[in-house]
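Following: one structure in C-alpha cells, then a few remarks.
A short reminder: the numbers here are calculations on the coordinates, not readings from a lab. Quick caveat, the model's predicted, so the values are computed rather than measured. Here the Cβ positions follow ideal geometry from the backbone for every residue, glycine too, while neighbour counts run over all protein chains shown.
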C-alpha cells in the first residue's frame, strides 16, 4: 500500500501541476497545447543546471557532510531554474498568440516540435549521447528524503504515516502540492484571479472595465509556462532519475486531458490527476505492486499482457472523456485572439 | 467581376507561396544561426566546422562528401536526390492526411498512430500471404489496401468521438496515437500473434520485422533507379504524386470536397444548409487516416526498409512531420508534393550534418519547428488579406446580402478557393 501511494503521488503530482498550468493559460483565453514542449524544455533546463552545478563542485562539500538542507536547497534552485526557463519558452507562444493573433493550436504544435529538437540538439553536443544525466550520483542519493535525516536507524519503523509520506519521498512533490493550493486560491479568491478569468470568458467586457486583456493573457501564459517547466523537471527528477531525454512520455498531453476532465476547476483536476496517476503507476510498476501486503503480486499474476497496462491510462482517458465531455464547459473565449474592435 | 476575382485569386496564391518561402528562408537562417552560435561557444568545434555546418544546412542535398584533402565537395548527387524522393513519399501522404483534415476544420495530430496501424497491417499482410500461391504484385496491392484501411479505421475513432461525443479531436488523436503505439508493439511482441514475423535471419538486429522483400514483395522501381542510381527511390513517389492530384480533384472539384470544406468553414452553417456535419467529420478523418496508412504502406513495401516494432515509447516522426508539410503548403494538395520534398531534403541535410561534421540531425527538426511557428502567423496574415478583401467588396457594392441564398452559395466556394 505504501508503495502504491508513493508511486501514485509521483505520477499524479506532475500531472496535477501541469494541468493547473493549462488552467492558467486557458482561463486567460489562450489554448496552451505546448504544455508537453514546455515540460520537455523545463526538464532539460533543470537537469542541465544540476549537471553543471555538480560539475563546478558547488555542492560537493554539502554532499560529503550529509548536509541535507543544502541539498534540498539545491533541488529547489533547480526547480526555480526550470520554472524560469519554462516561462521564457512560453513567451514564444504568448507573443505569437497575443501580439500576432496567430492560430494558437499551430503555435503550440510548433513549440511541441521545437522543444525536443532543441533539447536533443544540445544534449548531443553537451553529452555526446541522447540522454543528459546528473554529473555524479543519482537522484535518490542527492535529493530523496530518507528516514536517516530524522535520526531514525536503518531498522527503525516510522509508522504508516511516516513511511508513506516522509521516507523515500521527494520534497518537490510537496512543494508542488502547496503551490497547487496557493495558486488555486490565487485564481479564485483574489482580484488578480478574477480579472484573469474574466479575460477568458468575455475579454471585451473585461476591457471595458479597464482590465488590460493583453497583459492578463501574458500573465496567464507565463504562469502556465513556469508551472509546466517546473512540472517537467519534477517529472524528470522523480520518475526518470533526473535525466533529460527530450521527451516526457506524453505527460503534457495527458495533463491537458486531466484539465478537460477536471472541467477547468482545480479541485476536480486534483481528483482526476490522482486517478490518472494511479493508472500510470499501475502501467509502470504493475509487477511490484502488492496491494494488501500479503506478498502476492496480484496484477502480475493475472497473466494480462503488460501492453494492456501500458495502454490503460490512454484508454481510460478516452473513455472518461467520452462520459464527461458533453457536460464540460471550456472558458468561453479560449483560442480566440482578442480583437479590440470586435463586439 | 469574374476577371477581377480570378486576378485576386491568383494574387492570393502567389501570396501564400511567398509567405511559405519567407518562412522557409527565416527557418533555415535561424538554423544556420544556431549552428554558428554553437560553433562560437564550443571551443572544440572551431570556425572551420562552423562554416562547414552552415554550408551543409543550405546545400546538404548537393553534398558529395569530402575529397582527399578533407574539404567538403558539392555537386549533383543522384543518390541524395533519389533518397530525398524516397523519403518524400510517406511525408507527402501524411502531409495530405493533415491537409485534408484541416480543410474540414480538424487538426489531425493522430497521423503517427494511423501511420503505425498502417505499418502493422501492411507488414502482416505482405509477409503472411505466401507468394508461392498468390502472385507478388497481387500481395502488394492487398497489403497496400490493407494498410490504408487500417489507417482509415484508426482515423475514424477520433472522428467518431468528435462528431458524436464532442471530444476535442486533438486529445482523442493523441490518446489513439499512444494506444496504437502499444497495440502495435503488442502484436509483434514475444508470445503474441505475429511473433513469427520478427527478423531472426539477420540476427545482428533485435526487435526488427522482416523486410517485405523476404517474401518477394516490393514496390516496382519503374525505371527511377536508372535515373538515380544507388538510391532507395522507387515507384512509390509516383503513386504519392498521383494520390495528391486525386485529392486535389476530390477537394476542389467534387460535391464531397465542397461539403467537407463547408463543414470546415462553419460546421453549424453547413448543417443549416443541409450538409450532415457529423458524417463529414467522420468521413474526413477516415480519409485522413487512409492517407496516413497509405504513407506507411508505401514506405514499408519498398522492400529495403525495416520496422522497429518496439514502438511503445516513441511515435514515428513521419506522422508528426506531416503537420509542417501540410501547414507549409497552406493545405493545398498540390503544394504538399513540393513541401514534402522540401522536408525530406532537410532530412538529407541532417544526415549529411551528422556524417560529415560534429553537428547532428536534430538541427533540421529545429528548422522545421521554426517554420511551423512562422506558418502560424502566415495563416493569420492570409486571413487578414481575405478579410479586408471581403470588407472591400461590401463597401464597393452595398448589395443586400440577406436577400439571396444563391449569393451565399457563391460566397462559400470563393472562400474555399482563397484558402486553397
What is the average number of partner chain Cβ atoms found within 10 Å of a Cβ in B:311-322?
2
Inter-centroid distance (Cα atoms) of segment A:318-334 relative to segment B:209-283, Å
32
Take the Cα radius of gyration of segment B:301-349 and divide it by 2.2 N^0.38 Å, with N its residue count; two decimals is plenty.
1.35
Quick one: if you stick a label point 7 Å off each Cα along the C-beta vector at residue B:238 and residue A:177, how many nm between them?
6.6
Taking a crude spin-label model, label points 7 Å out from Cα along the C-beta direction, the residue B:36 to residue B:220 distance in nm is 5.0
For segment A:192-284, average projected area of the Cα convex hull in nm²:
7.0
From fewest to most C-beta neighbours within 10 Å, the residues B:54, B:325, B:330 line up as B:54, B:330, B:325
Footprinting exposure proxy for A:167, A:156, B:347 (fewest neighbouring C-beta atoms within 10 Å first):
A:156, A:167, B:347
Rounded Å value of the spacing that divides the Cα centres of segment A:1-21 and segment A:77-112:
24
Counting only Cα, what are the radius of gyration and maximum Cα-Cα distance Dmax of the protein assembly as shown, in Å?
26.9, 90
How shielded is A:322-332 by partner chains, expressed as the average number of their Cβ atoms within 10 Å of its Cβ atoms?
2
Plugging the Kirkwood radius over Cα pairs into Stokes-Einstein for segment A:2-324, at a temperature of 37 °C and a viscosity of 0.692 mPa s, what D comes out in µm²/s?
160
Once you compute Rg and the Kirkwood Rh from C-alpha atoms, what is the Rg to Rh ratio for chain B?
1.01
Taking every residue of A:310-319, the Cβ atoms of other protein chains inside 10 Å of its Cβ average out to 6
Under the classification rounded if a/c is under 1.5, otherwise prolate if a/b is larger than b/c and oblate if not, where does segment A:59-217 fall, given a ≥ b ≥ c as square roots of the Cα gyration tensor eigenvalues?
oblate
Taking the alpha-carbon centre of each part, the distance from segment B:359-378 to segment A:177-215 in Å is 33
Test of understanding: what is the full-extension gain from residue B:166 to residue B:279, defined as 0.36 nm times their sequence separation minus their Cα-Cα distance?
39.3 nm
Label residue B:268 and residue B:73 with points 7 Å out from Cα along Cα→Cβ: what is the distance between them in nm?
6.6
Ranking A:286, A:214, B:300 by Cβ neighbours within 10 Å, fewest first, what do you get?
A:214, A:286, B:300
Computed FRET efficiency, Cβ-Cβ of residue A:263 and residue B:47, R0 51 Å: what is it to the nearest 0.05?
0.35
